[in-house]
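A.B. asks: Can you read through this structure? Questions will come right after.
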Amino acid sequence: LSAQYLSEIHLPAQSACGGRFSLMVNAGLAIDLETSHPSHTDGIGLYRTEYPFIVRTRFPTEAEQVELYKTVLATQPGKGVVMRTLDVGGDKPLPYFPISEENPFLGWRGIRMTLDHPEIFLVQIRAMLRANIGHGNLHILLPMISDLSEVDEALRLIKQASFEVADELEGSEIQLPKAKVGVMVEVPSIMYQLPELARKVDFCSVGTNDLTQYLLAVDRNNPRVASLYDAMHPAVLRALHQLCLQSQALQFPVSICGELAGEPAGVLILAAMGYDKFSMNNSNLAKIKWLLRRVHLSELQLLLPEILACQSPKQVRQHVQRFLDQKH
Ligand code: PEP
Ligand code: MG
């Protein structure tokens, strides 16, 4: 079956009726970049910068980060690379920066930590901006935003870093390309502040993994409650649907980078809602492209009310499975 999927990997990501999708890859380790072919994708939709930090024994220097980010940006000429600022804490500890908390998933994670350590944030942003010179495809993504003041503070620091890098370039012919800035939608509070968010940043990207965990109050790594963790919970799906409608009304670009986009049933539901930009692990890309090439948007639109009326994740899966069975 995988040979069947791979046979269409070079073809456009479009539905049987011609609707276009952007399919991007999630990356973090060198292997993610080596195994994906830029000509088969629409860029990197999520580059998790914490991975290169986690595998080291100390914080990488600014120069080391510049080299690393340059390599990543260079793999995608003419295509966007969404680099997320350091997202540690919770389930992603840095060995040389221990954080001890009673409740790490509700604690000092992602942007909360880096805004408390602007020296870490500024070094990383400067490195990203310097790496972007000569490439121009950098998008900066802010993780774990729960409050608009965090967006303001991050934007202020990004501006400061841009001035610093531009200063270094003064007197030379080199121009500093402008990077787009976006916010992860993965904490429920920010879903209710979309109009304000749309005025502040260029795009948003939905992290369905954390969004599910926080909407359902289920630790995604705790085996005791694992059976309650399901991105196909009707409440999660209704939230995602609302978010899609609202971002369309605001003309606020939105993409999905959580694992749901890499699951056949998940991507169908998301496409039925109206999402058209998906970022996923490279190992899922061929299958998802193959599937999307077989659907008509009109049949998905018919499926949507049935899915949104379901009362349990199990019911949702049964509905979508029936649809999927017809495609194979
Ligand atoms: C998410 O939360 O859905 C996400 C993409 O980020 P991560 O899995 O790295 O927390
Ligand atoms: Mg997350």
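The values are calculated or read from the model by the stated rules, or taken from the named source; none is laboratory data. In this text the structure is predicted, and so the values were computed from the model without any measurement. We place every Cβ from the backbone using ideal geometry, glycine too, and count neighbours over all the protein chains shown.
A.B. asks: Restricting to the stretch 204-241, give me the number of residues that are touching a residue at least 12 places away in the same chain (Cβ under 8 Å) and either in contact with a His (Cβ under 7 Å, 6 or more places away or on another chain) or in a helix (DSSP H, G or I) (or both).
C.D. replies: Residues that pass the stated criteria total 18.
A.B. asks: Take the residues of the stretch 48-85 that are within 16 Å of ligand 2 (Cβ to nearest atom), of a type in the set (D, E, K, R) and under 21 Å from Phe278 (Cβ atoms): which is surrounded by the most Cβ atoms within 10 Å (Cβ to Cβ)?
C.D. replies: The qualifying residue surrounded by the most Cβ atoms within 10 Å (Cβ to Cβ) is Arg84.
A.B. asks: Check Trp108 against each of (1) part of a loop (DSSP other than H, G, I, E, B); (2) touching a Leu at 6+ places or on another chain (Cβ under 7 Å) and name the one condition it does not meet.
C.D. replies: (2)
A.B. asks: Name the single residue that is farthest from ligand 1 (Cβ to nearest atom) among those in the stretch 1-14 being outside any helix (DSSP H, G or I) and surrounded by fewer than 20 Cβ atoms within 10 Å (Cβ to Cβ).
C.D. replies: Filtering the stretch 1-14 for residues that are outside any helix (DSSP H, G or I) and surrounded by fewer than 20 Cβ atoms within 10 Å (Cβ to Cβ), the one farthest from ligand 1 (Cβ to nearest atom) comes out as Ser7.
A.B. asks: Does the stretch 26-35 include one or more residues that are at pLDDT 95 or above and surrounded by fewer than 22 Cβ atoms within 10 Å (Cβ to Cβ)?
C.D. replies: There is no residue in the stretch 26-35 that is at pLDDT 95 or above and surrounded by fewer than 22 Cβ atoms within 10 Å (Cβ to Cβ).
A.B. asks: I'd like the full set of residues that are within 22 Å of Phe59 (Cβ to Cβ) and surrounded by fewer than 22 Cβ atoms within 10 Å (Cβ to Cβ), limited to the stretch 131-155.
C.D. replies: Hits for the stretch 131-155 are Glu150, Glu153.
A.B. asks: Now for a different question. For Leu260, only one of the following conditions fails: (1) buried (at least 20 other Cβ atoms within 10 Å of the Cβ); (2) more than 26 Å from Gln193 (Cβ to Cβ). What is its number?
C.D. replies: (2)
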